[in-house]
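J.: After the structure tokens below, expect a handful of questions from me.
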Amino acid sequence: RNTFLSTDKSYANFELKLKIKITGAGGFINSGIQIRSKRDKSHMSGYQVDAGPGWWGKMYDEHRRNKVIAVSKELKKVQASIKKNDWNEYRIVCEGRRIRSWINGVEAIDFTEKDLKIAQNGHIGIQVHGGGKALIQVKDITILELNDTAGITTWESLNKKK
């Protein structure tokens, strides 16, 4: 099954920078960076900026809509920038309902959430996808918190409505 390492703190608007190295020896080799996600005992629910062969430049909605919700308009450029079995640099910026990402300086995702019932805050995490023998390494992680957006939907407000 999937495994996650996540922050204790919840973030709404932020700039995240990190370097990720993905290596593997068989099976499905994949990772992702969870953002604005809810942590449960065995999984995370929320946006996942993907990483791994065939997944660079995509964003998946993990354990919520369970589908790819954004694909880079410049997917070939993103794929060409990837350093296989080496360090790749991510920059992810979340402001209001907009999520943008860059991989090795190449713009990957520019997504604006249209569903007002989707939480725009949450934990940040690193995923190791099940189904393969993968080693996921992350380093040089920085998180810069940006000003809050008034009136956004949060995981906490969603829980109060239940």
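J.: Would you kindly identify the strands (runs of 3 or more DSSP E) lying entirely within the stretch 99-158 that contain at least 1 residues that are surrounded by 15 or more Cβ atoms within 10 Å (Cβ to Cβ) and among the charged types (D, E, K, R)? If you could, list the steps in order and put the result at the bottom.
T.: Values: elements: 106-112, 123-128, 132-145.
Qualifying strands (runs of 3 or more DSSP E): 106-112.
J.: Out of the residues in the stretch 33-44 that are part of a strand (DSSP E or B) and either at pLDDT 95 or above or open to solvent by 10 Å² or more (accessible area, probe 1.4 Å) (or both), which is nearest to residue 158 (Cα to Cα)? Write out each step before concluding.
T.: Looking only at the stretch 33-44, we keep the residues that are part of a strand (DSSP E or B), and these are 33-39, 44.
Adding the requirement that they be either at pLDDT 95 or above or open to solvent by 10 Å² or more (accessible area, probe 1.4 Å) (or both) leaves 33-39.
Values: 33: 23, 34: 19, 35: 17, 36: 13, 37: 13, 38: 11, 39: 14 Å.
Here the answer is 38.
J.: Just to be sure, is residue 81 touching a helix residue (DSSP H, G or I) at 6+ places or on another chain (Cβ under 8 Å) and at pLDDT 95 or above? Show your work before the answer.
T.: Values: touching a helix residue (DSSP H, G or I) at 6+ places or on another chain (Cβ under 8 Å): no; at pLDDT 95 or above: yes.
Here the answer is no, as residue 81 does not meet what is asked.
J.: Could you tell me whether residue 1 is modelled with pLDDT of 95 or more and more than 11 Å from the chain's Cα centre (by Cα)? Walk me through how you get there before you give the answer.
T.: Working: modelled with pLDDT of 95 or more: no; more than 11 Å from the chain's Cα centre (by Cα): yes.
Criteria not met by residue 1.
J.: Inspect the stretch 96-107 for any residue being hydrophobic (A, V, I, L, M, F, W, C), at pLDDT 95 or above and under 18 Å from residue 45 (Cα atoms) and give the result as yes or no.
T.: Yes, the stretch 96-107 has at least one match.
J.: Restricted to the stretch 60-77, and to residues that are outside any loop (DSSP other than H, G, I, E, B) and over 16 Å from the mean Cα position of the chain (by Cα), which residue is nearest to residue 3 (Cα to Cα)? I'd like the intermediate steps shown before the answer.
T.: Going through the stretch 60-77, the residues outside any loop (DSSP other than H, G, I, E, B) turn out to be 60-62, 67-71, 75-77.
Among the residues that remain, those that are also over 16 Å from the mean Cα position of the chain (by Cα) are: 75-77.
Values: 75: 27, 76: 29, 77: 29 Å.
The residue in question is 75.
J.: When both residues are 6+ apart or on different chains and their Cβ atoms are under 8 Å apart, which pairs have a first residue that lies in the stretch 98-127 and is touching a residue at least 12 places away in the same chain (Cβ under 8 Å), and a second that is open to solvent by 60 Å² or more (accessible area, probe 1.4 Å) and polar (S, T, N, Q)?
T.: Within 8 Å, the pairs are 98/112; 99/112; 127/3.
J.: Oh, and also: Considering the stretch 78-98 alone, what residues qualify as being in a loop (DSSP other than H, G, I, E, B) and either open to solvent by 40 Å² or more (accessible area, probe 1.4 Å) or of a type in the set (S, T, N, Q) (or both)?
T.: Quick first cut of the stretch 78-98, residues in a loop (DSSP other than H, G, I, E, B) only: 82-86, 96-97.
Of everything in the stretch 78-98, those that are in a loop (DSSP other than H, G, I, E, B) and either open to solvent by 40 Å² or more (accessible area, probe 1.4 Å) or of a type in the set (S, T, N, Q) (or both) turn out to be 83, 84, 85, 86, 97.
J.: Tally the residues that are assigned to a strand (DSSP E or B) and either modelled with pLDDT under 95 or open to solvent by less than 20 Å² (accessible area, probe 1.4 Å) (or both), restricting the search to the stretch 45-59.
T.: Step one: filter the stretch 45-59 for residues assigned to a strand (DSSP E or B), giving 45-51, 58-59.
If we keep only those that are either modelled with pLDDT under 95 or open to solvent by less than 20 Å² (accessible area, probe 1.4 Å) (or both) as well, we get 45-51, 59.
Within the stretch 45-59, residues that are assigned to a strand (DSSP E or B) and either modelled with pLDDT under 95 or open to solvent by less than 20 Å² (accessible area, probe 1.4 Å) (or both) number 8.
J.: When the stretch 78-87 is examined, which residues are found to be touching a residue at least 40 places away in the same chain (Cβ under 8 Å) and in contact with a Ser or Thr (Cβ under 8 Å, 6 or more places away or on another chain)? Give the derivation first.
T.: Within the stretch 78-87, the first condition is being touching a residue at least 40 places away in the same chain (Cβ under 8 Å), and the residues that meet it are 85-87.
Selection gives 85 alone.
J.: If you take the residues in the stretch 88-108 that are aliphatic (A, V, I, L, M) and touching a Leu at 6+ places or on another chain (Cβ under 9 Å), which one is nearest to residue 149 (Cα to Cα)?
T.: Step one: of the stretch 88-108, the residues aliphatic (A, V, I, L, M) are 92-93, 99, 103, 106, 108.
Among the residues that remain, those that are also touching a Leu at 6+ places or on another chain (Cβ under 9 Å) are: 92-93, 108.
Working: 92: 17, 93: 14, 108: 23 Å.
Filtering the stretch 88-108 for residues that are aliphatic (A, V, I, L, M) and touching a Leu at 6+ places or on another chain (Cβ under 9 Å), the one nearest to residue 149 (Cα to Cα) comes out as 93.
The values are calculated or read from the model by the stated rules, or taken from the named source; none is laboratory data. Fair warning: this is a prediction, and the values are worked out from it, not measured in the lab. Backbone-built Cβ (ideal geometry, glycine too); neighbour counts: all protein chains shown. Remember, those area values only see protein heavy atoms, side chains included, never the ligands or the DNA or RNA. Shrake-Rupley method; radii C 1.70, N 1.55, O 1.52, S 1.80 Å.
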